[in-house]
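Novice: Okay, here's the structure, questions in a sec.
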Amino acid sequence: MRVIRLTLAYDGTDFRGWARQRDPHVRTIEGSLVDVLTRVVRHEVRLSVAGRTDAGVHARGQVASFPTPSRLAPERMQKAINGFLSPEIVVVDAGEADQGFDARFSATAREYGYVIDTAPVADPFTARYEWHRPTGLSIGRMRAAARHLVGEHDFTSFCRHPGRGKPTVRDLRRLSVTRQGSTVILRLRANAFLHQMVRTIVGTLVRVGDGGLEPQDVRTMLEARKRSVLSQPAPPRGLTLEHVSYGPSPGTSGGP
C-alpha cells in the first residue's frame, strides 16, 4: 500500500463544505474528489484531510491523503482529477508520502486568511472571496483585542458545538490584522482549530473594530468558556485555508 498526498485549491462557494454527505446530490469537496479518484484508481478511496472546511469556505493549500494499492503515478492522478474538476477544485501538487503519513494527524499547524472589503461598493470580481462590509474598522482596536487571544487557551467561547468531552484547548500562534487600502486582512495560525473558531474570532474582532465591543471584552469572553450571543461568526466567503505545515520533515517526495 502506498500513501498519496494531494495539495488542493478550491473555490468553496457552490459546495456544502468538505465532508461528503449521504445524499449524493449534495455537492461537497470530498464527495467530488472521491467520485473521481475511485474511477481513477479503481477502488473505494477514503480521504484524510488537514482541515474540514465549512460550506462556502475556500482553500489555497489544503492537504488530503489516502492509502492505495494502485501503482498509478501521482502525476496521472493529478491530471485526471484536474481534467474532471478544474477550475472549481484543483490538485496543485501530488506525490507519494512516507508510510504513516496522514494529512490530518501528521499536521503540526494550519494557517487561515480572512479578507474584509470596506470599500463603499463591492467588487464583483472578488466578492466571492471577501466579506463586503462598507464601514470603517479600527485596526488598532482589533489588534489590541487580538493580543488577548494569542497563545494556548480554552477556546470554548469561540467555537460551535465542541462536543461533550472533546478538548477545546488550542495554541493560537499567530493572529495578525493588517490593512491594504480598503481591504482588511486577518491571518491566523494554530496547531488546530475548532469548528467555526476562525470565523467567530473574526466576527468578534470586527465588532471591536466598529466600536460594538471593547478590546478587553474579548478577554472576558475567552475566560467565560461559554459561547455567547456576542460571538457571532463572520460569513464563510471571506475565509481561505492558506497553508498546512508538517514540521521540518513533511515526509513526501512531492508537494511543499
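Bear in mind these aren't lab numbers, they're just calculated from the coordinates by the rules spelled out. No experiment lies behind these values; they were computed from the predicted model shown. Please note: Cβ atoms are built from the backbone with ideal geometry, for glycine as well, and neighbour counts cover all protein chains shown.
Novice: As a test of the definition: which semi-axes, in Å, follow for segment 152-234 when you take the square root of five times each eigenvalue of its alpha carbon gyration tensor? Largest first, please. Write out the running numbers ahead of the final one.
Specialist: On the way: eigenvalues 93, 46, 23 Å².
One finds semi-axes of 22, 15, 11 Å for segment 152-234.
Novice: Go through 131-139, 174-182 and give me the packing order, highest mean Cβ count within 10 Å leading.
Specialist: 131-139, 174-182
Novice: Going toward the positive end of the dipole of the chain, with +1 on Lys and Arg Cβ and -1 on Asp and Glu Cβ, which of 245, 182, 215 do you reach last?
Specialist: 215
Novice: Relative contact order for the chain using alpha-carbon pairs under 8 Å, separation at least 6, rounded to a whole percent?
Specialist: Value for the chain: 25 percent.
Novice: When the label point is put 7 Å from the Cα of residue 27 along its Cα-to-beta-carbon vector, which residues of segment 62-102 have a backbone N closer than 17 Å?
Specialist: Residues 82-91 fall inside that zone.
Novice: I would also like to ask the following. Based on alpha-carbon centroids, what's the gap between segment 143-202 and segment 1-16 in Å, whole number please?
Specialist: 23 Å
Novice: Still on this model: Using only Cα atoms, what is the ratio of the radius of gyration of segment 65-184 to 2.2 N^0.38 Å?
Specialist: Segment 65-184 yields a ratio of 1.48.
Novice: Relative to the longest principal axis of the chain, what angle (0 to 90°, nearest 10) does the C-alpha long axis of helix 215-224 take?
Specialist: Result, in degrees: 60.
Novice: For segment 11-94, compute Rh as the Kirkwood radius over C-alpha pairs and then the Stokes-Einstein diffusion coefficient at 37 °C and 0.692 mPa s; write the answer in µm²/s, rounded to an integer.
Specialist: 251 µm²/s
Novice: With label points built 7 Å along Cα→Cβ from the Cα atoms of residue 185 and residue 19, find their separation and express it in nm.
Specialist: Once both label points are built, they end up 3.1 nm from each other.
Novice: What whole-number value in cubic angstrom gives the convex hull volume per residue for the C-alpha atoms of segment 17-61? Spell out each step's value before the answer.
Specialist: On the way: hull volume 3.8 nm³, N = 45.
Looking at segment 17-61, the number lands at 84 Å³ per residue.
Novice: Sticking with this one: Which whole-Hz ³J(HN,Hα) couplings does segment 191-202 yield from phi under the Karplus relation 6.51 cos²θ - 1.76 cosθ + 1.60, θ = phi - 60°, glycine and proline marked x?
Specialist: Couplings: 4, 6, 10, 7, 4, 6, 5, 5, 5, 6, 4, 4 Hz.
Novice: Which percent of the Cα-Cα distances in segment 145-199 go past 16 Å?
Specialist: The share of Cα pairs beyond 16 Å in segment 145-199 comes to 44 percent.
Novice: Just to compare against my own numbers: the Cα pair-distance distribution for the chain, 10 Å bins, whole % per bin, please.
Specialist: Values per bin, smallest distances first: 7, 30, 32, 21, 9, 1.
Novice: Label residue 42 and residue 73 with points 7 Å out from Cα along Cα→Cβ: what is the distance between them in nm?
Specialist: Going from the residue 42 label point to the residue 73 one covers 1.8 nm.
Novice: For residue 59, list long-range residues whose amide hydrogen, built 1.01 Å from N in the peptide plane, is under 5 Å from its own amide hydrogen.
Specialist: When sequence neighbours closer than 5 places are left aside, the close amide H contacts are 10, 12, 241.
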